[in-house]
Amino acid sequence: MAKRRPSSPRSVSQPIRNAWKFCPKCGVPAAKKGRNPFACSSCEFTHFFAPVSAVGSIITDPSGQVLLLIRGKDPGQGKFGLPGGFIDAGETVEEALAREVLEEVQLNVISQRYLVSFPNEYIFHGFVLPVTDMFFVAEVETFDGMKTQPGEIDAWHFCRPGKKELARMAFESNRRALEVYLKTVSH
């Protein structure tokens, strides 16, 4: 009978706060792992594991169909997502939205209006990161020259999202934002 290899600690996703085994300021072992906030018992350094921020955009073509992207990598490879991504340090929410749309599909955002936000979790290299996703309805200059970011996005799909598309969303926050959007355009 073959021996089963124990699973690597990296093979199971865990909250990022559980990875802090030592105080980053003084190096003392953490008294209690996984606490939020992390509070060092030696030097009193405190760190809050607050969510990182991300943006998502709902973009429609002239006939009102929504642009969905087919993700080219995990999490959610092969599923639908909205154009968007993480906000970089020193960047405004609006700048991040325009940058992400340009990077992912080569479209220039000319206007955007806030729609809604939802909490999310993003699995990255075995760690679960808390995220606050902020969604905007965005207008682009033109769809001419649209192309996908290699390795990130496999394809795009324009549609009037229904149950089938909503069930294939990579992230619940994206699905919920689309549901809010669809309610606003159905009235």
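The values are calculated or read from the model by the stated rules, or taken from the named source; none is laboratory data. Bear in mind that the values here come from a model prediction, so they are computed numbers and not experimental data. Every residue, glycine among them, receives a Cβ derived from its backbone with ideal geometry; neighbour counts consider all protein chains shown.
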Is at least one residue of the stretch 108-125 more than 22 Å from F86 (Cβ to Cβ), touching a Pro at 6+ places or on another chain (Cβ under 9 Å) and in contact (Cβ under 8 Å) with a residue 12 or more places away in the chain?
no
Could you look through the stretch 73-105, keep only residues that are touching a Ser or Thr at 6+ places or on another chain (Cβ under 8 Å) and assigned to a loop (DSSP other than H, G, I, E, B), and pick out the one that is nearest to Q14 (Cα to Cα)?
I87
Which numbered condition I123 fails, given (1) modelled with pLDDT under 95; (2) out of contact with any strand residue (DSSP E or B) (no Cβ under 7 Å at 6 or more places or on another chain); (3) part of a loop (DSSP other than H, G, I, E, B):
(3)
In the set G145, G151, the lone residue that is modelled with pLDDT under 95, under 17 Å from the mean Cα position of the chain (by Cα), not acidic (D, E) and not in a helix (DSSP H, G or I) is G151
Answer residue from the stretch 163-187, given it is in contact with a strand residue (DSSP E or B) (Cβ under 8 Å, 6 or more places away or on another chain) and outside any helix (DSSP H, G or I) and is farthest from G78 (Cα to Cα) among those
F171
Residue set L69, L82; condition in contact (Cβ under 8 Å) with a residue 60 or more places away in the chain and in contact with a Pro (Cβ under 7 Å, 6 or more places away or on another chain); output residue L69
Close pairs (6 angstrom Cβ cut-off, 6 or more residues apart or separate chains): farther than 10 Å from W20 by Cβ in the stretch 35-52, small (G, A, S) and assigned to a loop (DSSP other than H, G, I, E, B) anywhere
S41/A31
Restricting the stretch 55-71 to residues that are under 14 Å from the mean Cα position of the chain (by Cα) and of a type in the set (G, A, S), the residue that is nearest to Y122 (Cα to Cα)
G56
